[in-house]
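Data block below; observations after.
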Amino acid sequence: MFKKLLLTAIVVLLAAALFTACGKQESGPEVTQTSSGPIGKIVFVSQRDGNSEIYIMNSDGSGQTRLTNNRSYDSGPALSPDGSKIVFFSTKVGNNEICVINADGSNEINLTNNKINEMYPDWSPDGSKIVYSSAVGGGSQIFVMNADGSNMVQLTSDDNINGYPDWSPDGSKIAFTSDKQGVIEICIMNADGSNKVQITSNGVKCQAPVWSPDGKKIVFSCNKEGNNEVYVVKADGSNQTRLTDITNNDVDPCWSPDGARIAFSSNRDSNQEIYVMNADGSNLVRLTTDVNPDGLPDWSK
């Protein structure tokens with residue numbers, strides 16, 4: 001009897017020990033979390049369905065969804081400040097015109113129909129106006145219009161090629177590119193077109209300037225090192241800093257809504273894809289993995 005009780009006790013102790021061991025989790029390498037979850041949405045352009053279409057995804061790369069579906073070339077998307085609409089340019093009528101759709105892809109409307117190429121639109125911070133570039137007179141000038149396409153006003157009227165306009169967060173200024181010194185550099189002007197100032201002097205093509213959410217910096221791409229890299233500069237033109245350093249091309253950067261990260265497109269993995277990194281250039285993460293080109297990201301503000 002005593003032996004049976006002793007045997008039973010040993011079995012119980014062994015079972016308890018086994019349960020305790022199974023319940024323990026061994027400590028592994030520490031994992032650094034870059035964020036608590038997706039912040040906002042990213043719209044982008046992809047050719048994965050045979051031609052250039054507008055897509056949207058979560059900022060961690062999940063939920064990639066096509067929004068336009070036609071045989072025309074759709075590009076240059078920008079999310080409205082409230083995230084409800086997307087403005088872009090399209091060749092649906094033969095030349096590039098400015099269009100707008102709801103963020104779910106519905107209700108596409110042409111805002112311009114001027115029979116000339118009009119491209120790279122961006123919203124004013126309150127969503128009431130849209131700035132864009134237009135090939136008026138055979139060159140390229142910056143225009144602004146109401147969000148419904150009415151009241152078009154020309155902001156630049158020189159002999160330069162002006163493009164890639166981006167509105168400052170406080171609505172007072174517009175960053176853009178211009179070749180007024182013979183090479184395309186980053187410039188700033190007041191929102192009414194006055195007081196144009198060149199803030200970079202790299203002597204090579206720079207493009208796609210985008211204001212940081214706090215209005216203190218501008219991120220852009222530049223061919224300064226023989227290939228396109230992502231740079232950031234203070235809004236007064238000081239403290240220009242290179243954020244990427246690779247022999248391939250990194251282009252079309254944009255800020256996350258909190259200013260902590262930057263998305264951009266790159267062919268560093270042999271195909272044009274969208275990446276995100278911290279605002280100091282660290283912690284690079286690839287968001288798209290399609291065999292066809294993905295590019296021109298815009299992060300909801």
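Computed from the coordinates by the stated procedures, all read-outs in this text should not be read as laboratory data. Quantities reported herein were computed from a predicted structural model and do not represent experimental measurements. Counting neighbours? That spans all protein chains shown, and the Cβs are built from the backbone with ideal geometry, glycine included.
Things to note:
- Under a model in which nothing but the beta-carbon of Lys, Arg (+1) and Asp, Glu (-1) is charged, the chain shows a dipole of about 880 debye around its Cα centre.
- Whole-Å distance, taken between Cα centres, linking segment 223-299 and segment 69-145: 23 Å
- Ranked list, fewest to most other Cβ atoms within 10 Å of each Cβ, for 140, 212: 212, 140
- Rotationally averaged projected area of segment 127-255 (alpha carbon convex hull; nm²): 7.9 nm²
- Gain in span if fully extended, residue 246 to residue 292, counting 0.36 nm per residue against the direct Cα distance: 14.5 nm
- Only helices enter the 222 nm calculation for the chain: every DSSP H run of n ≥ 4 contributes -39,500 (n - 2.57), and dividing by all residues gives -2500 deg cm²/dmol, rounded to 500.
- Ascending count of other beta-carbon atoms within 10 Å, so fewest first, for 67, 296: 67, 296
- Zero-based 5 Å bins, Cα pair distances in segment 192-239, whole percents: 5, 20, 28, 25, 15, 5, 1, 0
- A Gaussian network model of the chain, with springs between Cα atoms under 10 Å, assigns the largest mean-square fluctuation among 210, 87, 291 to 291.
- Neighbour-count ranking [beta-carbon atoms within 10 angstrom, fewest first] of 266, 300, 62, 157: 62, 157, 300, 266
- Net charge contributed by nearby residues that have their C-beta within less than 13 Å of residue 148 (K/R +1, D/E -1): +2
- Size of segment 61-117: Rg and Dmax of its alpha carbons, in Å, are 11.5, 37.
- Note on residue 115: lysines with a C-alpha under 27 Å away, same-chain residues under 8 apart excluded, are 85, 92, 129, 180.
- The tail of the calculated P(r) for the chain beyond 28 Å holds 41 percent of all Cα-Cα pairs.
- C-alpha long axis of helix 2-23 to longest principal axis of the chain, angle in °: 10 degrees
- From the C-alpha gyration tensor of segment 229-289, square roots of 5λ in Å: 20, 13, 9
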